[in-house]
């Protein structure tokens with residue numbers, strides 16, 4: 001016969017859920033690319049996993065230089081991004097949303113991790129290299145920018161995240177997190193999980209201007225908080241097939257942003273009509289304007305419930321603050337436990 005206390009402990013272990021850690025850098029409001037990249041999976045999995053969502057406000061400073069170190073918008077952006085997460089359907093009773101800068105243990109972990117990562121390895125990160133080139137940063141990037149993946153490793157491992165829903169461009173960062181986890185597991189076995197990436201069903205959503213990358217700094221986004229009128233304006237100005245001059249010219253569907261968006265947001269509800277438009281477009285039997293108007297309808301149908309939920313949270317700023325305060329307290333408690341384990345494993349626990 002099993003002792004009652006042991007039975008209770010066994011039940012608790014059996015019922016423990018695996019953990020998700022994912023989040024956002026609050027450099028501005030979230031857009032449709034964020035939704036297909038990670039938000040959609042957060043919502044789907046919030047009941048199956050113990051989910052932590054980090055608002056990585058310190059990371060928002062990583063692209064700054066001494067000449068542009070204005071942090072005045074970071075706090076407001078953090079609140080806006082929190083509401084974006086809640087608006088897409090994340091349930092605060094199921095997920096823990098927390099603010100990075102309010103968990104100082106993350107920085108201590110990052111400092112320890114940085115001692116085990118060579119400077120050359122940090123510079124080899126392909127995502128970092130691509131961003132330096134894309135933003136024309138030359139050699140004017142901050143030390144924090146190069147250390148970004150190390151801080152991200154601390155974000156993930158401070159709560160021992162096992163699954164990380166991310167956009168495709170974040171895979172390289174996650175590989176560095178796994179390397180760090182393996183290094184510390186040599187010091188003490190099973191100290192950290194080696195987190196796995198969960199890539200969204202749409203690898204990467206292009207910008208409205210046809211740029212393969214959608215980005216706030218590029219001005220080619222459709223935001224989750226955009227009004228119906230803003231969505232219409234952006235879609236009607238959207239890049240399509242540059243070789244198609246007349247309505248009767250055969251058009252290219254593959255890689256055409258309008259059809260990429262249709263597949264991403266309308267395939268479940270309007271698959272038949274999308275297929276028909278693709279056939280007509282390739283034959284030169286339908287114009288860009290008609291297809292774009294159809295996309296406007298699909299996107300606004302998708303965004304309407306998100307706008308409605310967001311409006312409710314905007315009316316209750318005290319509720320949003322409560323959610324963030326409680327989430328941050330829980331995350332910090334977990335980070336404190338993790339940091340203590342790391343220090344003990346490294347024999348750095350001097351005073352008990």
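The values are calculated or read from the model by the stated rules, or taken from the named source; none is laboratory data. Model, not experiment: these values are computed from the prediction. When we count neighbours, we look across all protein chains shown, and the Cβ atoms used for this are built from the backbone with ideal geometry, even at glycine.
Yes/no matrix, rows are residues, columns are (1) touching a helix residue (DSSP H, G or I) at 6+ places or on another chain (Cβ under 7 Å); (2) over 26 Å from residue 207 (Cβ atoms); (3) at pLDDT 95 or above:
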position	(1), (2), (3)
2	no, yes, no
12	no, yes, no
33	no, no, no
62	yes, no, no
66	no, yes, no
105	yes, yes, yes
110	yes, yes, yes
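In the list 161, 144, which residue meets the criterion of being part of a helix (DSSP H, G or I) and surrounded by 15 or more Cβ atoms within 10 Å (Cβ to Cβ)?
On the way: 161 fails: part of a helix (DSSP H, G or I).
None of the other options fit; the residue is 144.
Residues in region 164-178 that are assigned to a helix (DSSP H, G or I) and within 15 Å of residue 19 (Cβ to Cβ) were compared, and the one that is modelled with the lowest pLDDT is 174.
Scanning for something out of contact with any helix residue (DSSP H, G or I) (no Cβ under 8 Å at 6 or more places or on another chain) and not assigned by TED's automatic domain parsing to the domain that holds residue 117, does region 207-214 turn up at least one residue? Yes, because at least one residue in region 207-214 is out of contact with any helix residue (DSSP H, G or I) (no Cβ under 8 Å at 6 or more places or on another chain) and not assigned by TED's automatic domain parsing to the domain that holds residue 117.
If you go through region 305-325 and keep only what is in a helix (DSSP H, G or I) and either free of Cβ contacts under 8 Å to residues at least 12 places away in the same chain or over 28 Å from residue 156 (Cβ atoms) (or both), you end up with 305, 307, 308, 311, 312, 314, 317, 318, 319, 321, 322, 325. Yes or no: region 283-301 includes at least one residue that is modelled with pLDDT of 95 or more, under 30 Å from residue 156 (Cβ atoms) and either part of a helix (DSSP H, G or I) or out of contact with any strand residue (DSSP E or B) (no Cβ under 6 Å at 6 or more places or on another chain) (or both). No, the conditions are met nowhere in region 283-301.
If you go through region 249-273 and keep only what is surrounded by 14 or more Cβ atoms within 10 Å (Cβ to Cβ) and farther than 22 Å from residue 221 by Cβ, you end up with 251, 252, 253, 270.
Within region 204-249, the set of residues being within 17 Å of the chain's Cα centre (by Cα) and outside any loop (DSSP other than H, G, I, E, B) comprises 216, 217, 223.
Please name all residue pairs, on different chains or six or more residues apart, with Cβ atoms under 6 Å, provided the first residue is in region 335-352 and is farther than 19 Å from residue 100 by Cβ and the second residue is part of a helix (DSSP H, G or I). Every condition considered, the pairs that remain are 345/187; 349/343.
Which of the residues belonging to region 94-106 are surrounded by fewer than 18 Cβ atoms within 10 Å (Cβ to Cβ) and under 20 Å from the mean Cα position of the chain (by Cα)? So that I can check it myself, show each step before the final result.
Within region 94-106, the subset surrounded by fewer than 18 Cβ atoms within 10 Å (Cβ to Cβ) is 94, 102, 104.
Answer for region 94-106, where residues must be surrounded by fewer than 18 Cβ atoms within 10 Å (Cβ to Cβ) and under 20 Å from the mean Cα position of the chain (by Cα): 94, 102.
In summary, residue 49 fulfils each of the numbered conditions (1) in contact with a strand residue (DSSP E or B) (Cβ under 9 Å, 6 or more places away or on another chain); (2) closer than 25 Å to residue 226 by Cβ with the single exception of condition (2). Just one of 247, 262 is assigned by TED's automatic domain parsing to the domain that holds residue 304 and more than 23 Å from residue 33 (Cα to Cα); which is it? On inspection, the qualifying residue turns out to be 247.
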